[in-house]
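Heads up, the thing below is written out as structure tokens.
What follows is calculated from the coordinates using simple rules that are stated; it is not laboratory data. Nothing here was measured: the structure is a model prediction, and the numbers come from that model. Cβ atoms come from the backbone with ideal geometry, glycine included; neighbour counts cover every protein chain shown.
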């Protein structure tokens, strides 16, 4: 949980950010200003290939901007070397990937606890990490008996819940989700979102989700289209 003195510091703050995927790709992303407040939930809409994943990569420090400032929780990512950015991401950001990115031969518990291996402060926030993993599984509708099961044997819906538990454990201040509902039917999608919002609120985390699905909009505090915050340029085919 953030200290009270940090509550007015945005979870995400991008100013004058410019990024280019190399000269030959012809792709560039320009974000004059974008903020997400602490505890706020924001849905960013855009079609596949529109640059949403590039924006998330900038916010997570996976790639760095050629100009401008990317600040997460008050930390300017440009001031961190590559290794420090990796550690910062592990400590401060829970990521839910579109393809889940679970270790198929690792147990459910191994997958949930994985971020804590690289984030001592987050591990400390988690307290009894194994007990917390069990609590998250229960809250997300996963039987606690699955903790010892290999992740590769789970259904898609169960794998998705494990991915959410992995993102939430240790109460990271920011949760970033990349198209996490794209493979779900409407009923499963609604149930999943309910669980995600419940657990994010309990952790006191901000949530930024990118998607092409406008039906998700009523759930969020704020809904934006990528073109509302960014200018995209591509080389002519």
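Output the peptides 40-51, 105-116, 144-155 sorted from most to least packed, where packing is the average of other Cβ atoms within 10 Å over each peptide's residues. Before the final figure, lay out each step's value.
Details: 40-51: 18.0, 105-116: 20.7, 144-155: 14.7.
Ranked from most to least packed, the peptides come out as 105-116, 40-51, 144-155.
(i) 57, 39, 31; (ii) 49, 45, 43; (iii) 52, 39, 33: which one is Cα extents along the principal axes in Å as calculated from this entry?
Computed from these coordinates, Cα extents along the principal axes in Å corresponds to label (iii).
So for the chain: antiparallel DSSP bridges make up what percent, rounded to the nearest 5?
Values: 19 of 37 bridges.
Within the chain, antiparallel bridges account for around 50 percent of the total.
Would you calculate, for the chain, the mean residue ellipticity at 222 nm contributed by helices, counting each DSSP H stretch of 4 or more residues as -39,500 (n - 2.57) and dividing by all residues, to the nearest 500?
One gets -10000 deg cm²/dmol as the mean residue ellipticity at 222 nm.
Run the quick spin-label model on residue 18 and residue 224: label points 7 Å from Cα toward the beta carbon, then report their separation in nm to one decimal.
2.0
Which angle between 0 and 90 degrees, to the nearest 10, do you get for helix 156-168 versus the longest principal axis of the chain when only C-alpha atoms count?
The angle comes out near 70 degrees.
Arrange 20, 8 by Cβ neighbour counts within 10 Å, fewest through most, would you?
Lowest to highest Cβ neighbour count: 8, 20.
Give, in nm to one decimal, the length gained when the segment between residue 78 and residue 138 is fully stretched (0.36 nm per residue of separation minus the Cα-Cα distance).
Working: separation 60, 0.36 × 60 = 21.60 nm, distance 3.86 nm.
Additional length available on full extension: 17.7 nm.
With angles folded into 0 to 90 degrees, how steeply does helix 129-139 sit against the dominant principal axis of the chain? Use alpha carbons for both and round to 10.
Tilt of helix 129-139: around 90 degrees.
With angles folded into 0 to 90 degrees, how steeply does helix 186-203 sit against the dominant principal axis of the chain? Use alpha carbons for both and round to 10.
90
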